[in-house]
Amino acid sequence: MRREITSWYSGRLHQDMPLVAYGHYGPPVLMLPTAAADFLEYERFQLIDSVKWFIDEGKVKLYSVNSVNNRALLNKHASGHEKVGWLNAYDSYLIEEVLPLIRNDCNDPHVKPIVMGISLGAYLAGNTFFRHSDLFSGAILLSGTYDIRNYLDGHYDQDAYFHNPADYLPRLDDEYHLPTLRHGDRKIIIFTGQGAFEAPDRSRHLSNILHSKDIPHWLDVWGHNVNHDWPWWRQAMPYYFGKLFG
């Protein structure tokens with residue numbers, strides 16, 4: 001299995017941003033890490049191993065990047081305005097730096113990756129997908145929250161609104177992104193367990209919003225023994241990869 005690390009200085013984020021790629025062939029998946037974790041998190045917790053068959057068979061290529069959560073939503077010393085500023089910069093980094101790298105690596109200037117994430121990474125993945133539904137072919141959202149107002153310490157402005165899917169999706173009525181989400185071939189998977197530290201109501205709330213906008217998606221609620229933890233995500237990922245890439 002190809003495993004290749006590259007890194008470059010992002011002027012948008014004012015720091016080096018490493019990326020690891022797995023696999024030679026197949027449709028690309030962009031992986032955004034949980035909480036304050038880094039680009040190798042999914043490898044350390046054996047999530048990459050759980051989908052290794054799909055990589056080895058050339059059915060998928062994976063790209064995992066760092067987040068800026070420690071500077072943004074998890075930064076207790078930053079104002080809400082500063083946190084949203086980092087979200088803006090990270091969004092620009094993904095679209096203007098990471099996406100072109102993926103397209104170049106796939107030798108396809110128009111390829112549309114699926115974006116995925118777990119926990120806080122699911123928020124990042126969902127927000128990236130819904131803001132740029134024309135640039136991505138789908139989203140795999142595991143155990144996420146999609147309302148970040150509690151992180152912003154009362155701050156709220158237009159930029160905060162457009163980084164909060166729980167707010168902007170119910171009001172989505174444009175003639176570009178909404179038809180793309182409704183009638184395109186986009187795949188949206190929303191997973192949640194109902195066990196310890198899971199919050200299934202957050203996933204159900206996102207699903208209800210998408211239903212209200214006639215946006216096709218799959219809400220998959222697992223059992224009361226399914227906790228917010230890696231063993232369950234290692235079961236979920238190959239299951240969904242089998243549905244998408246099998």
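Given the C-alpha centroids of the stretch 149-208 and the stretch 68-144, what is the distance between them in whole angstrom?
Cα centroid to Cα centroid, the span is 14 Å.
Based on the mean of other Cβ atoms within 10 Å per residue, sort peptides 29-38, 181-190 so the most packed one is first.
Sorting 29-38, 181-190 by mean packing, highest first, produces 29-38, 181-190.
Taking a quarter of the surface of the Cα convex hull of the chain, what do you get in nm²?
12.4 nm²
Scan the chain and report its longest stretch carrying no chymotrypsin sites (Phe, Trp or Tyr not before Pro) that are both in a DSSP loop and have at most 11 other Cβ atoms within 10 Å.
1-175
Which whole-Hz couplings ³J(HN,Hα) result when phi for each residue of the stretch 15-25 is put into the Karplus expression 6.51 cos²θ - 1.76 cosθ + 1.60, θ = phi - 60°, listed in order with x for Gly and Pro?
Per-residue couplings from phi come out as 6, 5, 10, x, 9, 10, 10, 10, x, 9, 9 Hz.
Using the Karplus curve 6.51 cos²θ - 1.76 cosθ + 1.60 with θ = phi - 60°, work out ³J(HN,Hα) for each residue of the stretch 171-180 in order, rounded to whole Hz, and write x for Gly and Pro.
In residue order, the calculated couplings are 9, 5, 9, 6, 9, 10, 6, 4, x, 4 Hz.
Can you list which of the trypsin sites (Lys or Arg not before Pro) found in the stretch 65-126 are DSSP loop residues with at most 16 other C-beta atoms within 10 Å?
Here the trypsin sites (Lys or Arg not before Pro) that fit, given the DSSP loop and packing criteria, are 76.
How big is the C-alpha Rg of the stretch 80-206 next to the rule-of-thumb value 2.2 N^0.38 Å, as a ratio?
1.07
Pull up all non-local amide H partners of residue 10: gap of 5 or more, or a different chain, and H-to-H distance under 5 Å with H placed in the peptide plane.
15, 16, 17
Rule-based calculations on the coordinates, nothing more; no lab input. Quick caveat, the model's predicted, so the values are computed rather than measured. Methodologically, a virtual Cβ is constructed for each residue, glycine included, from the backbone with ideal geometry; neighbour enumeration extends over all protein chains shown.
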